[in-house]
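Below: the structure, in structure tokens.
The values are calculated or read from the model by the stated rules, or taken from the named source; none is laboratory data. These numbers were taken from a predicted model, which means no experiment stands behind them. Neighbour counts run over all protein chains shown; Cβ positions are idealised from the backbone, glycine included. When the accessible area is computed, the model is the full protein with side chains, heavy atoms only, and any ligands, DNA or RNA have been set aside. Shrake-Rupley method; radii C 1.70, N 1.55, O 1.52, S 1.80 Å.
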Amino acid sequence: MPVGIFRVCLVVITAIINHPLLFPKENGTIPENTEEIIQKMKEREEILRLEQLRLEQEIAGQEARQKALEKAAKVVEESKEEKVSWDMWTAISLVIFLLIELWRQDFQEGNWQDTGGEEDDMAVLGKAFKGVVLPNKATLASFYEKRILGTTGDMARMREMVEGFADDLLEALRSVCNRDADMEVEDCMGVGSMYENWRVRKPFVCDLIVPFAPPEPYCFRSQTWCSGDSFPPDEQGYGTIKVCRAHEDVAGCICDKTKLGEDMLCLLHSQAVTTRPSSEMEDLLCFKNTQYLDADQVMKWFQIAVTKAWNRISHKYEFDLSFSLLDSPGALKIKFKSGKSIAFNLTPVVQYENSDVYFISHFPRSGLAADQPSSTHWFLTFAVYERRFIQLVSKMLPANACHVSCLQILSFLHGKQCSLTGPSGLSNYHLKTVLLHLLQARPCQDWAPEKLEARLQDMLKFLEKCLHEKKLYHFFIGNGKVPAELGFPIIFQMAEPLNLFRPFVLHRDVYRKTVDTFHEMLRNTSALINEYTVHIPHAHTNGIHKESL
């Protein structure tokens with residue numbers, strides 16, 4: 001330790017003694033290398049100046065890059081604002097386009113019958129109608145009088161005979177049925193062309209519908225495709241019928257829609273009410289293990305019941321009764337001993353709520369109609385309202401109006417053409433739908449008897465337009481202009497329009513065949529009419545034209 005302290009003191013003393021400021025040398029001289037030191041200092045100064053310039057350049061570069069980044073960020077921000085603005089205008093443009101498209105479709109749907117104006121205002125979309133000249137008024141009048149008018153009396157006699165026999169048959173059916181277990185059958189109603197007086201082609205067939213209801217304490221609760229629940233496109237126009245007890249509130253209780261579990265019970269319904277044996281529901285003509293009315297079961301029950309009823313009353317008549325079509329429950333044929341026969345349809349239906357819309361078990365099919373989705377789906381028929389609408393409009397038309405004549409002539413031409421070239425996707429129901437649209441669209445005075453030729457052209461042009469667009473809307477469904485006097489259910493007026501030509505989109509071969517048949521009919525119109533028309537002298541024709549003018 002003392003040795004260390006001694007060494008430190010020695011070093012301090014030596015430093016003090018050798019410090020140049022403490023003991024300066026009197027004869028000190030400038031070192032010989034002063035110029036060299038100055039030169040080095042200048043070099044050092046130059047190096048520092050260059051380093052300063054380099055640093056200044058780096059700082060300036062950083063500032064330039066910073067400004068460039070700020071400018072780029074500003075450009076990006078402006079581009080984003082422009083993009084947002086462009087996206088906004090694009091969205092607005094798309095919305096406007098969609099609104100215009102929806103308005104156009106609504107305008108077309110809302111004015112599907114709007115074919116008013118003179119016949120020159122109706123554009124002919126197809127090429128087949130161009131150059132087609134329909135027979136003049138005199139020829140059409142002669143054809144109608146000779147070929148069609150004479151059938152009116154035959155239809156009236158046939159309707160009277162069929163209705164009387166059907167009433168007797170249904171009365172016998174009620175007597176053979178068990179009133180406590182079987183369905184209750186009501187009186188029949190006539191619908192279709194025979195009861196709207198426009199049937200022209202033989203054989204004449206009367207269409208009768210027979211409403212029926214379940215025995216007490218059961219009732220029918222129906223659901224249609226437009227009642228709120230989503231139905232696929234192929235089920236539009238159909239509905240289902242559920243068999244329930246009269247006191248059940250199907251819409252109010254969820255015990256029938258939700259699995260409550262084995263240890264839970266519904267407080268509103270006991271197990272005895274909600275659970276029914278499968279055999280009981282099958283006795284009520286329901287589909288297996290469901291509560292939904294089965295059209296096939298109804299068909300079997302109705303055929304058996306009609307057979308029993310005929311066996312009870314057959315001794316009263318001098319003719320035979322048989323089923324003419326196996327796949328239709330009420331397609332019946334009366335065979336006389338003379339060999340003549342009369343066909344009529346007696347079809348069971350279910351009333352929709354308190355209206356005159358009916359669920360029909362089996363609907364007459366055409367080549368265009370799609371297959372029934374299932375036996376628990378029932379087609380809705382508006383035939384009663386169609387008949388009432390024609391009767392209502394007929395009261396407002398001029399005397400001897402030509403609306404029925406137009407439909408009869410068009411039906412005859414189409415039927416004649418199909419007998420030559422084979423069936424097509426068009427049916428008489430489509431032709432009647434065209435007439436219903438035009439009746440609603442045109443003023444009453446346009447249906448005067450002397451305007452038969454013009455209105456027939458309207459129907460042909462309207463039908464060609466519908467074929468071209470593959471759109472022919474059901475007259476009642478989605479039509480808000482139905483006269484209030486008919487008492488038509490509002491639920492169907494508010495529904496989406498039902499396109500009767502939708503199957504044409506799915507079956508292109510049927511569509512092509514239908515269009516070809518229609519165009520061939522247009523080309524053969526004059527020949528088909530002249531074939532059944534008495535020759536009219538040219539002078540007489542001119543005289544008629546002058547009188548009509």
Test: Val482 is open to solvent by less than 70 Å² (accessible area, probe 1.4 Å), outside any loop (DSSP other than H, G, I, E, B) and modelled with pLDDT of 90 or more: no
Filtered residue count, segment 411-451, keeping only those that are open to solvent by less than 20 Å² (accessible area, probe 1.4 Å) and under 16 Å from Phe143 (Cα atoms): 5
Val298 being within 33 Å of the chain's Cα centre (by Cα) and either surrounded by 21 or more Cβ atoms within 10 Å (Cβ to Cβ) or at pLDDT 90 or above (or both): yes
Residues satisfying the stated conditions in segment 454-479, i.e. over 23 Å from the mean Cα position of the chain (by Cα) and surrounded by fewer than 20 Cβ atoms within 10 Å (Cβ to Cβ): Ala454, Gln457, Lys461
Test: residue in segment 205-216 that is surrounded by 14 or more Cβ atoms within 10 Å (Cβ to Cβ) and over 33 Å from the mean Cα position of the chain (by Cα): yes
Test: residue in segment 211-232 that is outside any loop (DSSP other than H, G, I, E, B), under 30 Å from Leu170 (Cα atoms), modelled with pLDDT of 50 or more and in contact with a helix residue (DSSP H, G or I) (Cβ under 9 Å, 6 or more places away or on another chain): yes
Residue in segment 151-187 that is modelled with the lowest pLDDT, counting only those that are small (Gly, Ala, Ser) and either in a helix (DSSP H, G or I) or touching a strand residue (DSSP E or B) at 6+ places or on another chain (Cβ under 8 Å) (or both): Gly153
Residues satisfying the stated conditions in segment 298-338, i.e. part of a helix (DSSP H, G or I), in contact (Cβ under 8 Å) with a residue 40 or more places away in the chain and within 25 Å of Pro373 (Cα to Cα): Val298, Met299, Trp301, Phe302
